[in-house]
1. Under the 0.36 nm per residue contour assumption, what length would be gained going from the current alpha-carbon distance of Lys114 and Ile65 to full extension?
2. Compute the FRET efficiency between Ser228 and Phe139 as 1/(1 + (r/R0)^6), taking r as their Cβ-Cβ distance and R0 = 45 Å, and round to the nearest 0.05.
3. In whole percent, how big is the carbon plus sulfur part of the accessible area of segment 1-156, probe 1.4 Å, protein atoms only?
4. Below 8 Å between Cα atoms, with a sequence gap of 6+, how large is the relative contact order for the chain in percent?
5. Any idea what angle helix 13-37 forms with the longest principal axis of the chain, computed on alpha-carbon atoms, 0 to 90 degrees, nearest 10?
6. Using +1 at the C-beta of Lys and Arg and -1 at the C-beta of Asp and Glu, which of Phe122, Ile58, Asn45 has the Cα lying farthest in the positive direction of the dipole of segment 1-144?
7. No solvent, one uniform scatterer per C-alpha: report log10 I(q)/I(0) for segment 73-133 via the Debye equation at q = 0.22, 0.24, 0.25, 0.26 1/Å, two decimals.
8. Please build a GNM for the chain, connecting alpha carbons under 10 Å apart, and tell me which residue among Thr82, Thr18, Thr73 fluctuates the most.
Amino acid sequence: MAHLAHYKEAHPLPMVITHYINLVGFILLIFSGFIIHYPGIPLLNMGICRGVHVFCGIVILINCIVRIIMAFTMKSAPTGGTRQQVTDIKSWVAGPDNKHQMGAWIKFYLFIKKDHPLAAKFNPLQKIAYCLIPFLILFMGYTGLCLWAPTMDLGIFAAGTAAMGGLMSVRIIHYFMMWVFIIFMIIHVYMAASEGGLSLLANMFARKEHGGLTYDIESHDIAGIDNSVK
């Protein structure tokens, strides 16, 4: 099956940088979180692990807020195969390029259907997941600040701790939220690799463009093919 071309306009550099920050930050958060939860691992300083955990948590919170602002203030291509750009938030909500495709995408991911539909930059399942992630990050950060000694007694966090049933309940919620993010990251990598293949990963990580079908965002249809980019 032919794929849409992958151009840099789909993932502008500032947005790629926020993606890198999330990638590194989440890996360090998960690693340090396991050590904090299971402190018996030798040769690892608990103080350093807690410091790394708090630092990365704050960085990801700030990064999340910055990325939300970017979605409303920056432009990106809403689909592969085009250099035309729109306000980025339009790539995150339901649109004509994803119309009636939910069933087809589910069949593709379940190996029932061999080829996936030609769709927007994010397919319907990705849009649902990606719209939930900022809220999950903010909630995860909130529970983290409820547990962090310098902030746990502040009114906004103390009230949240009480509403969630106390510090132990918050710890349990925070721990299981970590597993939500681990599962999301695994699914995210699978979705990206199965849909766009190595050319999409090359575009995201090496800023390398790849030719293919071109797409017109006005007519919502294939416009031709670009063989000029290898």
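The values are calculated or read from the model by the stated rules, or taken from the named source; none is laboratory data. This structure is a prediction, so every number in the text was calculated from the model and none was measured. Every residue, glycine as well, gets a Cβ built from its backbone with ideal geometry; the counts of neighbours run over all protein chains shown. What goes into the accessible areas is simple: the full protein's heavy atoms, side chains included, and nothing from ligands, DNA or RNA. Shrake-Rupley method; radii C 1.70, N 1.55, O 1.52, S 1.80 Å.
1. Values: separation 49, 0.36 × 49 = 17.64 nm, distance 3.76 nm.
Result for the pair: 13.9 nm of gain on full extension.
2. For Ser228 and Phe139, the calculated efficiency is 0.50.
3. Working: 6350 of 8500 Å².
Carbon and sulfur: 75 percent of the exposed surface of segment 1-156.
4. Working: 275 pairs, mean separation 59.5, N = 230.
Worked out over the chain, it gives 26 percent.
5. 30
6. Farthest along the dipole direction, towards plus: Phe122.
7. -0.89, -1.00, -1.05, -1.10
8. Thr73
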